[in-house]
1. Using only the heavy atoms of the protein chains and a 1.4 Å probe, how would Val168, Val252 rank by accessible area, largest first?
2. Taking 7 Å along the Cα-to-C-beta vector as the label spot, tell me the Ala241-Trp2 distance in nanometres, rounded to one decimal.
3. Tilt of helix 148-169 relative to the longest C-alpha principal axis of the chain, in degrees (0 to 90, nearest 10)?
4. For Ser26, what is the net charge nearby, where nearby means another residue's Cβ is under 14 Å from its Cβ and Lys, Arg count +1, Asp, Glu -1?
5. Given the Cα-Cα distance of Phe320 and Ala111 and 0.36 nm per residue of separation, how much length would full extension add, in nm?
6. Show me 154-163, 53-62, 461-470 ranked by packing, highest mean number of other Cβ atoms within 10 Å first.
7. Of the listed pairs Lys218/Lys466; Lys218/Lys455; Lys229/Lys466; Lys88/Lys469, which have alpha-carbon separations greater than 28 Å here?
8. Once you have the Cα-Cα distance between Tyr183 and Asp231, take 0.36 nm times their residue separation minus that, and quote the gain in nm to one decimal.
Amino acid sequence: NWSGSLIVASLTGAFGSSFLYGYNLSVVNAPAVYIKKFYNETWERRYGFSVDENTLTLLWSITVSTFAIGGLVGAIIVTPIVKFFGRKCTLLLNNVFAVAAALLMSLSLLAGSFEMLILGRIIMGVDAGISLSALPMYLSEISPKEIRGSLGQVTAIFICIGVFTGQVLGLPEIFGQESRWPYLFGAIIVPSLIQVVILPFLPESPRYLLLEKHNTSKAEKAFQTFLGKDDVSHEVEEVLAESRVQRNTKLVSILQLLRTRAARWQVITVVVTMGCYQLCGLNAIWYYTNNIFSEAGINHETIPYVTLSTGAVETVAAVFSGLVIERLGRRPLLIGGFGLMVVFFAVLTVSLTLQETVHWLPYLSIFCILAIIASFCIGPGGIPFVLTGEFFQQSQRPAAFMIAGTVNWLSNFAVGLLFPFIQGGLQTYCFLVFAAICFAGATYLFFVLPETKNKTFNEISQAFAKRNKVSLEMQEMNHYPGERKSSAEQESNFTSSVDNGETKKGIV
């Protein structure tokens, strides 16, 4: 099932998209001291006095968290973009934001303007907001249902590889020096250029071509390319079965999706999983790993190399998840990941609280951080994106990804902005907040989330029918809240049957 074109499309799409998201999560960690010094020197040169500590903390928090503000903008504007340009072209055009952001951030030191760095982070966030919706949408639509989960995990794997790459390049021997930190941001151009060179030679999403552009010939060729076989009649007919229902239905808006009773629990579940994905505390660890290890008593010179181990562990865990997701399913990995995070957050709190009394406890803190990262990447790290693509039909998917993206980036912004103050107020007990969020998320998913492994989009929708308190017939009708027609008329419209110059009309 893994054709060469499918592999190239997933790797190229992820390298220029989710890789950059992960890279920009960790890239600000290593040069934090030098960037703060740059802020202070710029402030003193402009105003004649040094910036006070509280203002410097606020400026740094804004630098970290504005990435999420840009991400929110990207998540909001992605729906009309993917509708007009398609999934693949959206990924290609998105590289304009990445290149612009790289130039602004890498030249900020030379220009003596920390505003350029902050603006670059915002623009980079727009790139990430678009890519984290367009990429999972693209991958879910080009992959067979038997490997949809594994292919969807490519998003999470490349996020982890991006985080790890940011940590490696941030080592003192490479770009983690006062004079070289701008190169960390200039490196963003490389994945963007690679994607621009390779992705144009790959097809657009066949489901997009068939259901939204009504181009059967191009859709067949795209299926043949991605599936690596000539006979794609079964796949085309499976999509056409959906097309017959929504032939005359426009894409569903966010308001329409929120009002659709048959999609109510799917929307709630996406909101919960995306909220927990960001609020579970992983971004706090990625943003402020150096500070956490410093509080744990680790030697300052050793911290960059200990931090490197976190990126390696999360990459291995994400790859493991991609290998087993089609065997174990989404549900056990997601619930189990959040459950393990609760345990290790509790142990980390105890370890940090008592570390001054027992000499070996700092090492337990390191183990707990690595275990939390591994638990996250096994399930919660990538499955929320997979579920968002699986829960909704073609007409609902862009609106669903906009909702998921909005929740994702608002939560990301909250963690990036508030965690330094939460850490300062609660000290070693700050991680209990994240433990409570993980516990609440695992409990909700245990009672609500159905297994979606190896199921078609319609079968997944039917799994929610009982909880949404609608019949299967109403479930199908509510998925396409445009012109509701009987099955006889749908077939009549699809085959363009005409009687006396007018299309025959049925009664619902």
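The values are calculated or read from the model by the stated rules, or taken from the named source; none is laboratory data. Nothing here was measured: the structure is a model prediction, and the numbers come from that model. Here the Cβ is made from the backbone with ideal geometry for all residues, glycine too, and neighbour counts use every protein chain on show. With ligands, DNA and RNA removed, areas are computed over all heavy atoms of the protein, side chains included. Shrake-Rupley method; radii C 1.70, N 1.55, O 1.52, S 1.80 Å.
1. Accessible-area ranking of Val168, Val252, largest first: Val168, Val252.
2. 2.8
3. Here the helix axis deviates by roughly 20 degrees.
4. 0
5. 70.8 nm
6. So the order, starting with the most tightly packed, is 154-163, 461-470, 53-62.
7. Long pairs (Cα-Cα over 28 Å): Lys218/Lys466; Lys229/Lys466; Lys88/Lys469.
8. Gain in length upon complete extension: 12.4 nm.
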